[in-house]
Structures are given as C-alpha cells and as structure tokens.
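Structure, as structure tokens:
Values in this text are rule-based calculations from the coordinates and carry no lab data. Quick caveat, the model's predicted, so the values are computed rather than measured. Because the Cβ atoms are built from the backbone with ideal geometry, glycine has one as well, and the counts that use them run over all protein chains shown.
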Amino acid sequence: MTTKIFIPRESTAISLGAHEVAQAFTHYLSNHDIDLKIIRNGSRGLFWLEPMVEVETTQGRMAYGPVTSADVASIMEDISQNILHEKPQSHALALGLTENIAYLKKQTRLTFARAGITDPVSLDEYLALDGFKGLQKSLALSTQEIVTAVVDSGLRGRGGAAFPTGIKWQTVRDATADKKYIVCNADEGDSGTFADKLVMECDPFMLIEGMIIAGLAVGADQGYIYLRSEYPIADEILQQAIEIASAAGYLGNNICGSGKTFNLEVRLGAEAYICGEETALLESLEGKRGMVRFKPPLPALEGLFAKPTIVNNVLSLAAIPFIMSEGSQAYQQYGTNRSRGTLPFQLAGNVKQGGLIELPFGSSLKDLIDNFSGGTASNRPIKAIQVGGPLGAYLPSHKLDIPLDYEAFSKASAVLGHGGIVVFDDSVDMLEQARFSMEFCVVESCGKCTPCRIGSTRGVEVIDRIKNDERRAENMILLNDLCDTMIDGSLCAMGSMTPIPVRSAFTDFPQDFFLTTQESNHD
Amino acid sequence: MKIEFSSPLSNVENIIDSLKNKEGSLLPILHAIQKDVGYITPQAIERIATKLKQTPAEIHGVISFYHQFRTSPPGKYQIQICRAEACQSRGSRQLEVHAKDFLAIDYHQMTNDKKFSLDSVYCLGNCATGPNIRINDDLYGRISNQRFEEILSNLDRELK
C-alpha cells in the first residue's frame with residue numbers, strides 16, 4: 001500500500017517554506033524507489049512546528065517539524081529505515097504521533113476537528129469525517145426546527161459582538177421578503193487572529209455547509225463570503241471548494257436533490273479594516289465606500305440591497321454543521337455561564353508556541369498562557385497581553401487570572417472578541433501602543449462620525465504631548481475626556497472601542513505615561 | 001472574420017462587460033482591472049463610470065476609500081510590511097525602520113528603478129510567526145532584517 005506523507009498548503013506553513021519542502025520531497029521521491037504519496041493537507045495550527053510534515057502509519061500519523069528543505073533527505077532516510085518498518089522515529093525533528101502532541105491533546109476540537117487532517121479540497125475526505133451530515137439532517141427539518149436548534153445550542157456570534165446567532169436567524173427567518181441573503185464575514189482584520197483563515201484554508205467545506213444550512217433555515221438562496229484580500233490562499237482554496245461542492249450538487253438549484261437552491265460566491269475586500277463592521281461590509285458588497293450605516297434598521301431586516309440578511313462570522317457559521325449533526329446539547333454542554341460551546345483561541349505575538357487553541361469557554365487566560373505558550377519567544381517576562389484585537393484592552397501580567405468568557409471580560413472593561421491573544425514582553429512601551437491604537441483609528445476610520453475621524457487624530461497629538469512632557473497632567477485629562485467623546489459619539493466599535501486599549505494602557509501601565517498609579521485613575 | 005486588436009483599454013472593456021451584471025459589481029471590476037493593468041487608470045475610471053451609469057467622481061470615491069486600490073503604477077514587487085500589534089510584539093517596528101533605510105524610500109513610495117514599492121498593511125493573519133511581509137501575493141514569516149535583505153536580493157537577481 002502506498003504510504004501517505006502530508007505537507008500543509010496552509011498560508012503560515014507556506015510563509016515558512018512549506019512549498020519548498022514539498023518540492024524537495026517530490027525531487028527526492030523522483031530519484032528514489034519509495035512508494036510514498038504526497039498529500040497537501042491543511043494545518044493543525046501548531047505554528048511553531050510549521051512546516052510540519054506527517055507520515056501515515058498503522059498507529060497514526062508521525063510528525064516532524066519544523067522542517068526545512070535541507071532536512072528532507074535525512075527525514076526520508078528515517079522514514080525508509082524506521083517508520084516503514086514500524087520502528088520508532090529517530091530524527092532530531094521527530095515529534096512522535098501527532099495526536100499525542102500535548103498542545104493538541106489538551107484541546108477540545110469541535111470546529112477544528114478536521115483541520116490539518118484532510119486535504120482541504122477533498123470532498124471524499126470531508127464526507128468520511130462526518131462532512132455534510134449536518135446538512136443532510138437539516139434537509140429533513142422545517143426551517144423553524146433548524147433555527148430552534150441553533151438557538152438551543154447557545155451559539156453566540158464569534159466575530160466579537162457575541163450576539164446570539166439563533167436570535168439573528170429567527171429575525172431573518174420571520175421577515176417577509178422576495179429575496180434574502182447569507183453573508184459570511186471573513187474580513188478577519190483583528191491583529192492576532194487567524195482562526196477564520198484556518199477554517200477557510202483547512203476545512204472550507206465546513207463553512208460552505210454552515211452557509212447552506214443558514215440559507216435553508218431562513219429561506220435565502222444567495223450567499224456571499226466577504227473575504228479580506230490579504231488572504232489570497234484562502235481565496236484560492238475557497239474557490240476550489242465551491243467549484244467542487246457545486247459539481248457534487250451541494251450548491252446550485254437542487255441541493256442534494258431537495259429542490260432547494262443556494263448559490264455561493266466569494267467577494268474580496270480591498271484592505272479596509274472597517275469593512276469587518278457588518279454594515280460597512282454590506283456597503284462594500286454593494287460596491288460602495290465601506291461607510292458604517294446607522295442602525296436601525298438591523299441588517300437582519302434591511303441588510304444587503306435592503307433585503308433581510310444574516311451576517312455571521314466564519315466561526316459562527318463553521319460551528320453550525322457540528323450543532324446540526326451532533327445536536328444542540330452536544331455543543332451546549334461545553335462552556336460556562338452564558339458563553340456556551342468552544343472558542344478557537346489564537347495565541348500570537350511574542351510566544352514560543354503560537355497557534356490555534358480550541359477550548360471550551362471558562363478556563364483562565366493565565367492557564368491558557370501557562371499551558372500552551374511555552375514562554376515568550378524573547379525569553380523576557382510578559383508585560384502585557386492584548387486580547388480581542390486592536391480594539392481590545394491590554395491586560396497587565398497581574399490581571400491574567402481572568403476567565404475566558406464574554407461576561408467576565410466585559411466586567412473587566414476588556415474584550416474577548418474573536419479570541420485573539422497577543423503577548424508582549426517587557427520591552428514594550430505602552431504609551432507607544434496607546435498612540436498606535438489612535439493612529440490605527442486615524443488610518444482605518446470610515447470617517448462618518450467626527451469623534452472617530454478627528455478624535456483619533458487629536459488622540460495621537462495629545463499622546464505625543466504627554467510623551468514630550470508638554471503640560472502632561474492637563475493633557476492626561478484631555479486624553480481621558482477625548483476617550484469619553486469617542487465612546488459616546490461614535491456609531492460603531494471603531495470609534496467607541498479604540499479608547500479601550502488606550503485607557504487600559506494608561507490605567508494599568510501608568511509608569512509608561514510618567515504617572516503615579518493614583519494619577520492614572522481619572523474615572 | 002473580425003480582427004481584434006488587443007490594447008489595455010479593450011481589455012478593461014472586456015473586464016467591465018464580463019462583470020458588470022453581477023450584484024454590487026464595482027469591487028470585483030476594480031480588483032480585476034488592478035490585477036490586469038496593475039492600477040486603475042483615469043481612462044478605466046471613465047469607462048467604469050459610463051458602463052455602471054455612475055459618475056467618475058463616484059467611482060473615484062470608492063477607489064480612494066480602499067487602501068488596496070491604486071491610481072498609479074506599483075513597483076514590480078509590491079512589498080507590504082505588517083504594522084499590526086502581533087508583529088510589533090515580535091519586532092516589526094525595527095523591521096520597518098530597516099526596510100525604509102535599505103530601500104531608501106518611505107511608505108507609499110517606489111524605488112527609482114521601479115523594482116520595489118513599499119506599503120504598510122494591517123495584519124496578514126500570520127500572527128504567531130511575525131514579523132510578516134507580503135510581496136505581491138506571497139507571504140513571508142519570521143522576517144529578520146537580514147532575511148528581508150536576502151529575499152529582496154533574490155528577487156532583484158530574478159529581474160536580471
């Protein structure tokens with residue numbers, strides 16, 4: 001039997017040389033008589049080990065990593081001499097059985113169950129691992145039964161706002177209209193997040209299946225995936241997957257012979273962070289400037305082209321196939337309080353072991369860091385951790401004992417958001433980070449609300465004055481007032497949440513603003 | 001038999017015609033033109049406006065909103081350095097300084113030989129292995145100053 005060897009075609013692995021490694025293996029195999037077949041799989045999300053190469057054995061897959069093309073010959077010798085003779089690996093990069101790698105073993109992978117295991121565009125492999133099971137079950141249900149299942153699962157929007165997904169679906173289902181849309185928000189712009197990208201690059205059929213089910217549930221026959229253009233590999237893989245799903249009758253005018261219609265298209269953004277905000281995204285999809293809309297009307301009632309529209313994050317839609325296939329209870333049993341199910345956390349920044357960590361809600365941030373990070377990449381102490389993207393708070397090292405659930409984070413004036421965790425060591429200057437938050441808002445504000453458009457520019461100026469010791473005490477008061485104005489006077493999260501990282505910087509790191517702890521407490 | 005002459009503008013016409021009936025067709029049209037021509041020319045703006053029954057000002061308004069769309073030719077290699085927080089925590093601020101110094105240009109500029117243009121980008125989704133850069137459609141992780149120079153030297157050699 002031909003032995004399979006797996007080399008990821010996922011973007012992080014590629015950015016670290018996976019294509020070159022694959023070429024080297026191909027070259028080696030062409031010069032040696034070994035019966036091996038190369039499969040380009042997704043990634044397990046253990047990024048410090050990428051490119052991670054796996055070999056199929058009777059006990060499971062054996063891994064090597066991180067592999068460079070220079071390691072290929074010696075790995076091939078190890079495979080021929082040991083693995084193919086059912087002997088243990090003997091190589092400096094040997095990692096043993098992939099499933100036994102502690103980082104993976106400690107996780108609860110529901111959404112990422114298939115990631116890195118399959119060839120992302122192999123429909124057969126998807127079907128063999130429960131793919132389209134949720135769709136088959138949904139096709140036998142009424143629209144209300146599907147919506148009720150999603151409500152009962154407790155799933156909340158994974159884009160950041162954490163609005164109950166089922167309630168949104170109910171609103172769209174109950175709306176009367178000649179046309180409805182399913183829009184997938186794949187404009188994953190938050191720094192420190194890559195879970196959406198991993199779904200699309202490693203298990204695209206799961207997202208497609210989730211969108212088809214959403215379409216069935218609310219009576220929508222057209223879906224769009226609004227994908228950020230910074231993700232060209234996700235685009236390529238999604239296009240392939242959509243083509244394959246269409247050819248196999250999962251998309252189009254007669255889904256699995258049911259007579260139901262659902263068509264799906266990928267649309268690219270064009271480097272505008274604000275288009276991750278759902279109403280700006282809809283404007284962009286309509287071919288306009290990505291200006292935020294006033295709400296109401298809610299997009300659920302007047303969304304894309306003023307039609308009832310579900311706008312859901314990739315991870316929300318990707319959770320649907322599991323919920324429909326295994327039942328609401330199977331999903332709902334994970335988690336804590338009102339945060340049900342799992343969240344794929346993304347550990348990034350200055351850590352030794354960055355990657356995708358899917359866990360039930362509820363463990364503490366400190367435990368996650370202690371159990372997974374392996375310490376900082378620089379070997380210096382942690383000074384701050386920004387959770388929830390550029391609009392999330394910077395948490396100081398003494399405040400990490402916070403449970404990872406939506407409510408606990410809002411109570412601490414912090415943001416769990418899309419689950420991105422960015423670690424900084426003690427070389428970071430928090431005044432510079434606060435300045436960057438304001439600067440980012442200058443660059444990315446859509447310009448609709450004055451406090452966001454102009455306030456952010458003033459924010460940069462005020463922070464520069466504080467830095468240069470120009471009437472520091474007065475400018476601190478001004479900065480705090482400016483934060484209030486931005487919070488109260490901005491329509492969307494861009495303007496109203498930029499103050500969160502800024503305030504956390506001067507409240508929890510007063511020394512970087514040349515303040516005593518007492519001076520930093522303006523609230 | 002009709003003989004068709006291929007010119008950039010006729011190509012632009014074809015792109016617009018093939019996409020204009022899509023819902024919300026403007027972004028797909030702009031992407032396709034930029035991919036084909038490298039940037040959105042003033043003539044292209046005129047053509048798009050006519051065919052979509054909008055004013056050139058409206059088309060320009062959309063182009064100018066998005067960082068990606070450009071109205072001037074880019075370098076042969078478009079370098080983007082990620083400026084976002086995760087890359088900062090791994091040294092991108094130093095990389096930015098070095099890149100500008102090495103190429104002797106600032107952001108939104110092009111080298112005199114038109115080989116390289118330099119821009120910033122806010123997150124490439126490679127946040128566990130920064131600092132990251134993108135050159136055209138290729139992503140590169142863990143970029144030290146030295147690695148940056150190596151990659152550019154290799155590309156420079158490819159051009160020769």
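How tilted is helix B:56-65 with respect to the longest principal axis of chain B? Cα atoms for both, answer in degrees (0 to 90, nearest 10). So the helix axis and the longest Cα principal axis differ by about 20 degrees.
When the listed pairs A:Lys105/A:Lys366; B:Lys114/B:Lys160; A:Lys288/B:Lys20 are checked against a 22 Å cut-off, every alpha-carbon distance falls at or below it.
In vacuum, with every alpha carbon of segment A:123-332 counted as one equal point scatterer, what does the Debye formula give for log10 I(q)/I(0) at q = 0.12 Å⁻¹? Two decimals, please. Values, matching the q order: -0.54. Which one, A:Trp48, A:Ile421, A:Pro499, projects farthest toward the positive side of the charge dipole computed for chain A from Cβ point charges (K/R +1, D/E -1)? Farthest towards the positive pole: A:Pro499.
Of the GluC sites (Glu not before Pro) in segment A:86-137, the ones in a loop by DSSP (not H, G, I, E or B) with at most 11 other beta carbons within 10 Å are A:Glu86. In a reduced charge model with +1 at each Lys and Arg Cβ and -1 at each Asp and Glu Cβ, segment A:1-139 shows a dipole moment near 640 debye about its Cα centre. Taken one residue at a time, the phi angles of segment A:47-64 give Karplus couplings (6.51, -1.76, 1.60, θ = phi - 60°) of 5, 6, 9, 7, x, 9, 9, 10, 10, 6, 9, 5, 8, x, 8, 9, 10, 10 Hz. Gly and Pro are set to x. Close amide H pairs (under 5 Å, H built 1.01 Å from N) link A:Ile39 with A:Ile5, A:Phe6, A:Ile7, residues at least 5 positions away or on another chain. With helices as the sole contributors, chain B gives -14500 deg cm²/dmol at 222 nm; each DSSP H run of n ≥ 4 counts as -39500 (n - 2.57), and the sum is divided by every residue. Contact order for segment B:35-90, expressed relative to its length and based on alpha carbon pairs under 8 Å spaced 6+ residues apart, stands at 38 percent. Computed over the protein assembly as shown, the P(r) curve from all C-alpha pair distances, binned at 20 Å from the origin, holds 18, 52, 28, 2, 0 percent per bin.
Think of each Lys and Arg Cβ as +1 and each Asp and Glu Cβ as -1; about the Cα centre, that makes the dipole of the protein assembly as shown roughly 860 debye. Oblate is the label for segment A:3-105, because the ratio a/c of its alpha-carbon gyration tensor axes (a ≥ b ≥ c) is 1.5 or higher and a/b is not greater than b/c. Under 14 Å of direct C-alpha separation, and excluding same-chain neighbours fewer than eight residues apart, A:Lys179 reaches these aspartates and glutamates: A:Asp221, A:Glu302, B:Glu23.
Restricting to lysine pairs 8 or more places apart or on different chains, what number in segment A:371-480 have Cα atoms under 26 Å apart? Total qualifying Lys-Lys pairs in segment A:371-480 comes to 5. The trypsin sites (Lys or Arg not before Pro) of segment A:382-489 that DSSP puts in a loop, and whose beta carbon has at most 14 other beta carbons within 10 Å, are A:Arg471.
Note that segment A:347-421 shows a convex hull volume over its alpha carbon atoms of 80 Å³ per residue. Contact order, relative form, for segment A:303-383: 20 percent (alpha carbon pairs under 8 Å, 6 or more residues apart, mean separation divided by residue count). Residues in segment A:115-124 carry Karplus couplings, in order, of 4, x, 8, 9, 6, x, 10, 8, 5, 4 Hz; the curve used is 6.51 cos²θ - 1.76 cosθ + 1.60 with θ = phi - 60°, and Gly or Pro positions show x.
For the peptide A:223-229, the mean number of other protein chain Cβ atoms found within 10 angstrom of a residue's Cβ is 2.
With a/c under 1.5 counting as rounded, go ahead and sort chain B into rounded, prolate or oblate using the C-alpha gyration tensor (a ≥ b ≥ c being the square roots of the eigenvalues; past the cut-off, prolate if a/b is larger than b/c, else oblate). Prolate, because a/c is 1.5 or more and a/b exceeds b/c.
Taking a ≥ b ≥ c as the square roots of the eigenvalues of the Cα gyration tensor, segment B:8-65 is classed as rounded, since a/c falls below 1.5. Overall dimensions of segment A:403-463, expressed as equivalent-ellipsoid semi-axes from the Cα gyration tensor (√(5λ), whole Å, largest first), are 25, 18, 10. Residue farthest toward the positive end of the dipole of the protein assembly as shown, with Cβ of Lys/Arg at +1 and Asp/Glu at -1: which of B:Tyr140, A:Ala70, A:Thr108? The one lying farthest along the dipole's positive direction is A:Thr108. Coupling constants for segment A:240-255 follow from the phi torsions by the Karplus curve (6.51 cos²θ - 1.76 cosθ + 1.60, θ = phi - 60°), and in residue order they are 4, 5, 5, 4, 5, 5, 5, 4, 8, x, 8, 10, x, 8, 8, 4 Hz; glycine and proline get x. With both residues required to sit in chain A, DSSP beta bridges show an antiparallel share near 55%. Excluding same-chain neighbours fewer than eight residues apart, the lysines reachable from A:Lys137 by a Cα-Cα span under 16 Å are A:Lys260. Of the residues A:Cys483, A:Gln23, A:Thr57, the one whose Cα sits farthest towards the positive end of the charge dipole of chain A is A:Cys483 (charges of +1 on Lys and Arg Cβ, -1 on Asp and Glu Cβ, taken about the Cα centre). Counted by neighbouring Cβ atoms within 10 Å, the residues A:Glu243, A:Glu271, B:Glu85 run from fewest to most as A:Glu243, A:Glu271, B:Glu85. Counting beta carbons within 10 Å around each of B:Cys87, A:Cys449, B:Cys82, A:Cys483 and listing the fewest first gives the order A:Cys449, A:Cys483, B:Cys82, B:Cys87. The mean number of Cβ atoms from other chains found within 10 Å of a Cβ in peptide B:22-29 is 6, as a whole number. Each Cα pair under 8 Å and six or more residues apart adds its separation to the average, and for chain A the resulting relative contact order is 13 percent. Packing around the peptides A:357-366, B:96-105, A:385-394, taken as the average count of other Cβ atoms within 10 Å per residue, puts them in this order, highest first: A:385-394, A:357-366, B:96-105.
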